[in-house]
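Step one of this worksheet: look at the structure below.
The values are calculated or read from the model by the stated rules, or taken from the named source; none is laboratory data. Just so it is clear, the structure is predicted and the values come from calculations on it, not from any experiment. Counting neighbours? That spans all protein chains shown, and the Cβs are built from the backbone with ideal geometry, glycine included.
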Amino acid sequence: MAKPRKGGALKSVPTKRARPAAKRSKPVPRTKVPIPEISIPIDVERPLSPDELSMERDRIYARMVSIPNVISRPSPADFVAFEVADPTLVHRRLVAAGIPSDTIQKYPKIPNGLRVIVRSAKRNEAFLRALEVAVK
């Protein structure tokens, strides 16, 4: 319909049209696919508190002092740096012993240096035992 405007001119106003009904497709039959239950043990660690981190770091440092062929360096961060005769060989042996390669890394600030990231007591103990064997 047209409405009169000021000055006598007509303005057209669009009217709403009814939409045609949407066509519905046939429902797809759903079949139940059996999903086998997989039980994968996930070793989830909770993050260490600053006090726990400090205690674990100090414990690792104290244990490394007693390991022959390892010169440990104190660190204020979340890792412990240490020096060995051949860091590439020791790193390879640690990874072969099951220590994740992201836990043990080359440390460029120390010649022949490696660093280990402080984790849970269980993982740190596994690392220390593997390190004792790797440096022999």
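Quick look at the values:
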| item | result |
| --- | --- |
| Odd one out for R73, checked against (1) farther than 17 Å from E125 by Cα; (2) at pLDDT 90 or above | (2) |
| Per-region count, the stretch 49-85, residues without any contact (Cβ under 8 Å) to a residue 12 or more places away in the chain and either of a type in the set (F, W, Y) or touching a Ser or Thr at 6+ places or on another chain (Cβ under 6 Å) (or both) | 1 |
| Failed item in (1) on the phi < 0 side of the Ramachandran plot; (2) at pLDDT 90 or above; (3) part of a loop (DSSP other than H, G, I, E, B), with E45 passing the rest | (2) |
| Among the candidates A85, A77, A126, residue that is over 27 Å from S49 (Cα atoms) and either outside any strand (DSSP E or B) or among the charged types (D, E, K, R) (or both) | A85 |
| Among the candidates L94, L114, residue that is in contact with a Pro (Cβ under 7 Å, 6 or more places away or on another chain), crowded, with 19+ Cβ neighbours inside 10 Å and either without any contact (Cβ under 8 Å) to a residue 40 or more places away in the chain or under 14 Å from A134 (Cα atoms) (or both) | L114 |
| Members of the stretch 88-102 found to be at pLDDT 90 or above and part of a loop (DSSP other than H, G, I, E, B), listed by number | A97, G98, I99, P100 |
